[in-house]
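**Q** Just passing along the structure, written as structure tokens.
The values are calculated or read from the model by the stated rules, or taken from the named source; none is laboratory data. Remember, it's a predicted structure, so these values are computed and weren't measured experimentally. Reconstructed Cβ throughout: ideal geometry from the backbone, glycine too, with neighbour counts over all protein chains shown. Ligands, DNA and RNA are excluded from the accessible area calculation, which covers all protein heavy atoms including side chains. Shrake-Rupley method; radii C 1.70, N 1.55, O 1.52, S 1.80 Å.
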Amino acid sequence: MMSDLSVTNDQAFDQVVVDRRWLKWRWLLLALAILCFLSLMISIMIGYHSIFLVPSRIWAVVSGDENTSKLEKIATNFRLSRAIMAFMVGGALAISGALLQALYRNPLAEPSLTGVTQGATTAVVVFAVFGPTIPNHLVIYSVPFIAILGAIISTTITWFLANRVGKVEPLRLILMGVLVGGVLSSATIVSLIWAPDTYANDLIAWLAGSLAATTWEDVRMLSIALLILTPFVFLSVPRANLMQFGDDIASGLGQSINPGRILVLFTACALTAVAVATVGGIGFVGLMVPHSLRWFVGGDLRRLVPACFLLGGALVMVTDFIARNLSSRILMEITGLPMDSVTLPVGIYLSLLGGGFFLFILKKVKT
Amino acid sequence: MNVSVKPVRTAAISASNIDASYDKVKILKQAGIEIEHGKITTLIGPNGCGKSTMMKVFTNLLNYQRGQVIINGEDIAKFTTRKLALELSILPQEPITPPNLSVKDLVEQGCYARVGALGMLKQQDHDGIKQSIHKVGLSRYINRDVDSLSGGERQRAWIALTLAQNTKILALDEPTTYLDIGHQLEILELIQGLNKKDNMTVVMILHDLNHAAQFSDHIVVLNDGKVVTSGAPWDVLTVDLLRGVFGVEASIIEDPVHGTPFIMSHKSILNLK
Ligand SMILES: Nc1ncnc2c1ncn2[C@@H]1O[C@H](COP(=O)(O)OP(=O)(O)OP(=O)(O)O)[C@@H](O)[C@H]1O
Ligand SMILES: [Mg+2]
């Protein structure tokens, strides 16, 4: 038997200079970037106000050309801010999911299934209803902090409930996540009873995960938040990579377990919370996106996370495009319900899509 | 005047009077072990006697209640996780293989302690990684998913990871489980080669006593959380020991090729009830 060990002039040894996965990854990133750009263009060109904008008109508005109609200005601003928002929200949620999956060593870990999302939404609602009144212009910048705090608290509770038997088993974690999420959702609904009518409706619409009310102010807030969180993502990726191997190996490779865990958990919670703070409870992006990418780019988070950002962004952008353009007439025909002049929020579509995806993965995980 | 003299030669790892427990159950009782530089030391003992626990203690994966562990002359408590990972690498008994990770992705993680978290973001140390993969003979599979490899190939991928860590001390918990006899020997010869050629200090846990006899400079026998005896294979492996610790009637002959003890087990005298 000529064993591998005795092969000194190993051809494969020289060929490995080309690392196929990283090469494939570069092409994928390029393709995803193009996908994002196309989704962005389509999102701006077609939409509400029934006005079709050709790219040159969009450019005219964006570059501040005087020679544009008011309608063109409104349409471009409205659609552009909404598309950018969708992109950032999707990217943040997808990265959060990828980090949670590594941290929990669990393919089902997802912000909305591990109590992260509900922690954030509940904290925001409870604060809005019972919290002190804060000046209007500060609301938008204080909500993210409240959401982050809520996400961290409920994630910690979920963790301890799931961890009681010594280790965190995949299905037990999801069970506890759903439990904590359910309790928090009830708390949210109960809080809404106390909410003044003036904004109870706003809160309900926000809870369903909608991008309809996006303003440039929201876009600015979320960009700042994501910029601040970027270094945290960079620090988390290599650590989360090691966590996939379990505590013993991670520690043996030189990673201090608890500081690393806290950092990754914080980053994942904060990413979800800032997204939730602006658009409400959008679920399943963190499940679908990393999963679809993993078989293609592999489980190494150094490749997975950037790809997640782009695909998550594209997914929410495209879904939101569909959500706001699917006319109520079509919805009426599909559902047979009187839904005249109703557009469903993007969160509903993503939940439908994600629910199916979840069942599909659940089948795979069990076997 | 009482001047304490530093020993001329310090051990690579020295653990003394260790008491360690999981929750409330005491597993190790006053156990001690010395691992010499540049030698292969093997821990043997029946299932559940505390071999893995001992290894966890001297690789800082488990806190102990009493005793002292000294690595390269320094108390283990003085090491940060990262600093310790520069001195010694560990392969646990049943490592978790995450899905969709290529051999190269896996082995690259071995550089973590040396290049740090942010260094890992760049791809570094390609040569070291390729060498490690080459040494275990997995170059052909460098782009394959680890979880798609056979048990033996996977085990070699894990060993490549510990090699990529580039430490002087290697701690392996049952590196030959799941392997057929050919691949068992292949791994053990690989380990022996690392010891002879690269002068690595190896401490491992084995169940096959004949392999322990053939490949070790030093054998430590554990039973019920205590070290029963330790020393060179010929001194340690006796008919009495096999009867007392492992519960087998056996005879021992000399291996005609290696000159090491060779155990022929005849009959269990364990009373499992
Ligand atoms: N994580 C744990 N929690 C509680 N008890 C444990 C744990 N790990 C091991 N034990 C117990 O400690 C004892 C020693 O375990 P250890 O893993 O050290 O045995 P071992 O000598 O390595 O056995 P084997 O040859 O089967 O690997 C066993 O009785 C085991 O049940
Ligand atoms: Mg063991």
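**Q** Whole Å is fine, so just give me how far the alpha carbon centre of the stretch A:263-293 lies from that of the stretch A:165-228.
**A** 11
**Q** Per the 1.4 Å probe, what fraction of the accessible area of the stretch B:36-143, in percent, lies on carbon and sulfur atoms?
**A** That fraction is 45 percent.
**Q** Order B:Asp224, B:Asp75 by their accessible area, 1.4 angstrom probe, all chains in place, largest first.
**A** Largest accessible area first, the residues go B:Asp224, B:Asp75.
**Q** If you place +1 on the Cβ of every Lys and Arg, -1 on the Cβ of every Asp and Glu, and leave all else neutral, what size is the dipole of the stretch B:27-89 about its Cα centre, to the nearest 20 Debye?
**A** 220
**Q** Over the protein assembly as shown, what number does the Rg to Rh ratio reach, with both radii from the alpha-carbon atoms and Rh per Kirkwood?
**A** Using Cα coordinates only, the ratio equals 1.07.
**Q** Further, regarding this structure: Does anyone have the angle between helix A:116-130 and the longest principal axis of chain A? Alpha-carbon axes, 0 to 90°, nearest 10?
**A** 30
**Q** A further question follows. Which lysines, if any, have their Cα less than 19 Å from the Cα of B:Lys51, not counting same-chain residues under 8 positions apart?
**A** B:Lys24, B:Lys26, B:Lys29, B:Lys39, B:Lys226
**Q** Take chain A, drop everything but the C-alpha atoms, weight them equally and run the Debye formula without solvent; then report log10 I(q)/I(0) at 0.06, 0.07, 0.08, 0.11 Å⁻¹ to two decimals.
**A** Values returned for q = 0.06, 0.07, 0.08, 0.11 Å⁻¹ are -0.25, -0.34, -0.44, -0.79.
**Q** Moving on. How big is the charge dipole of the protein assembly as shown about its Cα centre, in debye rounded to the nearest 20, if each Lys and Arg gets +1 on its Cβ and each Asp and Glu gets -1 on its Cβ?
**A** With Lys and Arg at +1 and Asp and Glu at -1, about 640 debye.
**Q** Let me ask you something else. Could you go through the stretch A:291-300 in sequence order and give the Karplus-derived ³J(HN,Hα) for each residue, using 6.51 cos²θ - 1.76 cosθ + 1.60 with θ = phi - 60°, rounded to whole Hz, and x for Gly and Pro?
**A** For the stretch A:291-300, the Karplus curve yields 5, 5, 7, 4, 5, 8, 9, x, x, 6 Hz.
**Q** B plus A alone minus the pair: what accessible area, both sides summed, probe 1.4 Å, in Å² to 100?
**A** It comes to approximately 3700 Å² buried between B and A.
**Q** Once amide H atoms are placed 1.01 Å from N in the peptide plane, what residues at a sequence separation of 5 or more from B:Asn223, or on another chain, have their amide H within under 5 Å of its amide H?
**A** Amide H neighbours of B:Asn223: B:Val228.
**Q** Here is a follow-up. Would you list, by chain and number, the aspartates and glutamates whose Cα falls below 19 Å from the Cα of B:Lys130, excluding same-chain residues fewer than 8 positions away?
**A** Excluding near neighbours in sequence, the set is A:Asp4, A:Asp10, A:Asp14, A:Asp19, A:Asp300, B:Asp105, B:Glu108, B:Asp145, B:Glu153, B:Asp198.
**Q** Turning to a different aspect of this structure: Just name one of B:Thr238, B:Asn271, B:Pro261: the one whose Cα is farthest towards the positive end of the charge dipole of the stretch B:232-273 (beta-carbon charges, Lys/Arg +1, Asp/Glu -1).
**A** Selected residue: B:Asn271.
**Q** Can you give me the C-alpha center-to-center distance between the stretch B:92-118 and the stretch B:46-82, rounded to a whole angstrom?
**A** Comparing the Cα centres of the stretch B:92-118 and the stretch B:46-82, I get a distance of 22 Å.
**Q** Would you list A:Arg57, B:Arg140, A:Arg105, A:Arg303 from the most to the least accessible area, probe 1.4 Å?
**A** The ranking, largest first, comes out as B:Arg140, A:Arg105, A:Arg57, A:Arg303.
**Q** For A:Trp216, tell me the accessible area in Å² from a 1.4 Å probe, rounded to the nearest 10.
**A** Here the residue's solvent-accessible area equals roughly 100 Å².
**Q** Another question, if that's okay. Excluding residues on the same chain fewer than 8 positions from B:Lys56, give the aspartates and glutamates whose Cα lies under 14 Å from its Cα.
**A** Correct list for B:Lys56: A:Asp247, A:Asp248, B:Asp19, B:Glu94, B:Asp173, B:Glu174.
**Q** What fraction of the DSSP beta bridges in the protein assembly as shown is antiparallel, stated in percent and rounded to the nearest 5?
**A** The answer is about 60 percent antiparallel.
**Q** Measuring from centroid to centroid over Cα atoms, what is the spacing of the stretch A:113-163 and the stretch B:143-160 in Å?
**A** 43
**Q** Which far-off residues, 5 or more places away or on another chain, put their amide H under 5 Å from the one on B:Gly67, with H placed in the peptide plane?
**A** Long-range HN contacts for B:Gly67: B:Asp19.
**Q** Moving to a separate point now. May I ask you to rank A:Phe87, A:Phe266, A:Phe130 by accessible area, largest first, using a 1.4 Å probe over the protein chains only?
**A** Sorted by accessible area, descending: A:Phe130, A:Phe266, A:Phe87.
**Q** Also: Please determine, in degrees from 0 to 90 and to the nearest 10, the orientation of helix A:136-163 with respect to the longest principal axis defined by the Cα atoms of chain A, where the helix direction is its Cα long axis.
**A** 40
**Q** Next up: Other chains near B:77-84: what is the mean number of their Cβ atoms within 10 Å of each residue's Cβ?
**A** 3
**Q** Something else now. Using the Karplus curve 6.51 cos²θ - 1.76 cosθ + 1.60 with θ = phi - 60°, work out ³J(HN,Hα) for each residue of the stretch B:165-178 in order, rounded to whole Hz, and write x for Gly and Pro.
**A** With coefficients 6.51, -1.76 and 1.60, one gets 5, 6, 9, 8, 10, 10, 10, 10, 9, 6, x, 10, 5, 6 Hz.
**Q** Do the sum for chain A: with -39,500 (n - 2.57) for every DSSP H run of n ≥ 4, divided by all residues, what is the mean residue ellipticity at 222 nm, to the nearest 500 deg cm²/dmol?
**A** -25500 deg cm²/dmol
**Q** Give me the angle, in degrees from 0 to 90, between the Cα long axis of helix A:346-366 and the longest principal axis of the Cα atoms of chain A, rounded to the nearest 10.
**A** 20
**Q** Could you derive backbone 3J(HN,Hα) for the stretch A:51-57 from the dihedral phi with the Karplus parameters 6.51, -1.76 and 1.60 (θ = phi - 60°), listing whole Hz in sequence and x where the residue is Gly or Pro?
**A** 10, 8, 10, 7, x, 5, 5
**Q** What residues qualify as long-range amide H neighbours of B:Val248, i.e. H under 5 Å apart, gap of 5 or more or another chain, H built at 1.01 Å from N?
**A** Counting only residues 5 or more places away or on other chains, the set is B:Arg243, B:Ile269.
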